[in-house]
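Structure record follows, encoded as structure tokens.
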Amino acid sequence: MRFLVLGSGGREHAIGWKLVQEGHEVVSAPGNPGLAELGEVYEVALNNRMELLELAKRIEPDLVVIGPEDPLIAGLANMFRENGFATFGPGTDAARLEGSKAFSKDMMKRAGVPTAEYQSFSDPIQAKEYVAARFDAGAQVAVKASGAALGKGVVVCSELEEANQAISEMLEVGSFGQAGKTVVIEDRLFGREFSLLTLVSGDSIHSLPVAQDHKRIFDGDEGPNTGGMGTYSPVSAVSKALVQQTEEEVVRPILSSLAEIDIPYQGVLFSGLMMDGDQVKCLEYNVRFGDPEIQTVVRRLGAGFGDALLAVGKGESIPEIPVLDNASLTLVLASGGYPGDYEKGKPIEIGELPDGVEVFHAGTRIVNDQLVTNGGRVLGVSSVGKTLDEARKVAYEAAKVIHWEGMQFRSDIGAN
Ligand SMILES: Nc1ncnc2c1ncn2[C@@H]1O[C@H](COP(=O)(O)OP(=O)(O)O)[C@@H](O)[C@H]1O
Ligand SMILES: [Mg+2]
């Protein structure tokens with residue numbers, strides 16, 4: 001089958017890699033140098049709808065797979081479906097689960113999904129009154145820009161002063177633009193975080209193996225948040241029973257509530273979760289595969305990923321995807337300075353990689369036949385092994401033969 005994969009990151013490279021492994025044809029746009037090794041790449045931006053539609057008409061894919069959230073929020077999946085293309089990715093209404101935290105929390109409440117107490121505000125004075133009351137009641141808070149803020153719109157506050165500052169920053173200074181015009185203020189939760197990726201095709205759902213991510217830039221979970229510095233799977237702390245509980249309490253109810261207001265869901269639902277004692281609480285939903293989570297997950301799936309995506313795109317029941325009896329780990333190699341300012345255009349050298357390693361391209365491009373850095377997160381080194389220890393060793397071996405000026409990575413992925 002022929003898949004049109006839309007996006008240009010490590011996520012799309014990993015999806016494309018898995019599809020090609022299964023014998024499918026992969027065409028991508030705007031793609032990246034990694035995707036270019038898998039099949040035809042077309043340099044069409046994801047906001048150029050006319051050209052994307054023309055491309056799809058020309059190549060006649062069996063399925064269009066939309067990788068990132070922004071085009072989903074903007075309604076790209078709607079456009080393809082309206083033009084008769086089987087499409088993986090929710091429409092603009094369902095994508096508001098990620099595009100608006102205020103909407104998302106309201107839907108959680110309506111659906112009875114366990115989540116932190118919250119209120120939404122656009123008035124800074126009322127917001128500050130609310131946080132004062134929460135701190136008086138002994139709570140701490142998380143202040144969140146409601147709109148999509150590239151993972152930088154959440155401030156977890158242990159002090160009232162911090163919360164007031166975050167509110168001023170978002171509602172008075174306007175540092176987050178439109179995304180920060182509304183803030184969601186919720187009680188701070190404490191506990192272990194994990195996430196669940198669930199394929200959704202109407203009533204049919206299928207959760208993928210759980211991968212744990214590491215969000216902070218430095219070892220020991222220190223320093224600022226990033227898009228993700230590495231992931232591993234399996235995660236012993238997340239049992240099958242916990243996955244089932246999450247499906248019942250967090251995934252099914254939100255899908256039912258969306259269906260009640262005539263919002264269908266076809267794609268992957270990413271539930272961001274925190275264990276509050278033995279209760280699982282939902283922090284957020286995303287409407288696309290987590291990256292780098294999916295770079296690890298695809299290494300643990302047997303044949304049938306492409307069939308499952310296609311079933312979702314057609315609105316059919318999702319076939320089982322076997323899970324391999326292995327472990328996988330992805331180590332993100334990032335530019336020096338990331339997640340702050342960093343330089344691009346550093347030449348990348350890749351030596352001879354150990355067996356079983358795949359290098360997924362997240363922020364690279366080719367200039368004069370030379371692969372160079374082109375983003376904060378540059379490469380995802382994905383390894384497999386019989387055990388997590390084995391996978392970890394292999395990934396770190398691989399990192400030794402990859403080099404560019406300023407390259408940084410964490411040394412403790414999968415080690416805790
Ligand atoms: N209520 C909360 N209590 C404690 N930590 C939180 C809470 N909400 C969010 N966080 C922390 O902030 C991170 C980002 O929040 P999230 O809601 O996932 O937004 P986004 O991924 O869009 O930035 C979470 O992964 C979690 O570590
Ligand atoms: Mg998140």
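Any read-out appearing in this document is the output of simple, stated calculations on the displayed coordinates, not a laboratory observation. Predicted, not measured: the structure shown is a model, and the values here were computed from it. Cβ: placed from backbone, ideal geometry, glycine included. Neighbour counts: every protein chain shown.
Please turn the phi angles of the stretch 273-282 into ³J(HN,Hα) values with the Karplus equation 6.51 cos²θ - 1.76 cosθ + 1.60 (θ = phi - 60°), one per residue in order, whole Hz, x for glycine and proline.
Here the 3J(HN,Hα) series is 10, 9, 7, 10, x, 9, 8, 9, 10, 8 Hz.
Could you check how many percent of all C-alpha pairs in the stretch 233-386 are farther apart than 24 Å?
Percent of Cα pairs beyond 24 Å in the stretch 233-386: 50.
Could you line up Ile66, Ile59 from fewest to most neighbouring Cβ atoms inside 10 Å?
By the 10 Å Cβ count, ascending: Ile59, Ile66.
Report, ordered by chain and residue number, the aspartates and glutamates lying within cross-link reach of Lys344, taken as a straight Cα distance under 12 Å and ignoring same-chain residues fewer than 8 apart.
Candidates past the 8-residue exclusion: Glu405.
Counting other Cβ atoms within 10 Å of each Cβ, which trypsin sites (Lys or Arg not before Pro) in the stretch 314-416 have at most 12 and sit in a DSSP loop?
Hits after loop and neighbour filter: Lys386.
Which loop GluC sites (Glu not before Pro) in the stretch 299-349, with loop taken from DSSP, have no more than 10 other Cβ atoms within 10 angstrom of their Cβ?
Glu320
Could you tell me the ratio Rg/Rh of the chain? Both radii from Cα atoms, Rh via Kirkwood.
In the chain, Rg relative to Rh is 0.95.
Once amide H atoms are built 1.01 Å from N in the peptide plane, which residues 5 or more positions from Val26, or in another chain, come under 5 Å H to H?
Phe3
Return the calculated 222 nm mean residue ellipticity for the chain, to the nearest 500 deg cm²/dmol, obtained by summing -39500 (n - 2.57) across DSSP H runs with n ≥ 4 and dividing by the residue count.
Rounded to the nearest 500, the figure is -8500 deg cm²/dmol.
Explain nothing, just compute: Karplus ³J(HN,Hα) = 6.51 cos²θ - 1.76 cosθ + 1.60, θ = phi - 60°, for every residue of the stretch 92-107 in order, whole Hz, x for Gly and Pro.
Coupling constants for the stretch 92-107: 4, 5, 5, 5, 5, 3, 9, x, 9, 5, 5, 4, 4, 5, 4, 5 Hz.
Any idea how far the Cα center of the stretch 339-407 sits from the one of the stretch 135-168, in Å?
Comparing the Cα centres of the stretch 339-407 and the stretch 135-168, I get a distance of 34 Å.
Is the shape of the stretch 233-279 rounded, prolate or oblate, going by the alpha carbon gyration tensor and its root eigenvalues a ≥ b ≥ c, with a/c under 1.5 for rounded and a/b larger than b/c for prolate?
prolate
Please rank Asp369, Asp123, fewest neighbouring Cβ atoms within 10 Å first, as an exposure proxy.
So the ranking, lowest neighbour count to highest, is Asp369, Asp123.
Mind listing the long-range amide H neighbours of Leu63? Cut-off is under 5 Å, sequence gap 5 or more, other chains count too, H placed in the peptide plane at 1.01 Å from N.
Amide H neighbours of Leu63, under 5 Å, 5+ apart: Arg2, Leu4.
Work out, step by step, the length gained on full extension between Glu25 and Val173: first 0.36 nm times the residue separation, then minus their alpha carbon distance; give nm to one decimal.
Net length gain for the segment: 48.4 nm.
Label-point separation (nm) for Ser317 and Asn225, each offset 7 Å from Cα along Cα-to-Cβ?
My value for the distance between the label points is 3.9 nm.
What's the FRET efficiency of Gln244 with Ala415 using the Cβ-Cβ distance as r and R₀ = 25 Å, to the nearest 0.05?
E(calc), rounded to 0.05, equals 0.35.
Shape call for the stretch 128-203 from the C-alpha gyration tensor, a ≥ b ≥ c root eigenvalues: rounded (a/c under 1.5), prolate (a/b greater than b/c) or oblate?
oblate
Hey, which of these cross-link pairs are over 19 Å Cα-Cα: Lys240/Lys281; Lys215/Lys393; Lys144/Lys215; Lys101/Lys152; Lys152/Lys346; Lys18/Lys400?
Lys215/Lys393; Lys152/Lys346; Lys18/Lys400
Which chymotrypsin sites (Phe, Trp or Tyr not before Pro) in the stretch 91-199 pass both tests, a DSSP loop state and at most 15 other beta-carbon atoms within 10 Å?
Answer in residue order: Phe190.
Taking the Cα atoms of the stretch 193-314, what is the range of coordinates along each of the three principal axes, in descending order and whole Å?
Sorted from largest, the Cα extents of the stretch 193-314 read 43, 34, 26 Å.
How large is log10 of I(q)/I(0) for the stretch 2-91 at q = 0.13, 0.16, 0.17, 0.23 Å⁻¹ when the intensity is taken from the Debye formula with one equal scatterer per alpha-carbon?
Taken in order of the listed q values, log10 I(q)/I(0) reads -0.34, -0.53, -0.60, -1.15.
When you take every Cα atom in the stretch 327-403, what is the radius of gyration, and what is Dmax, the widest Cα pair distance, in Å?
12.9, 40
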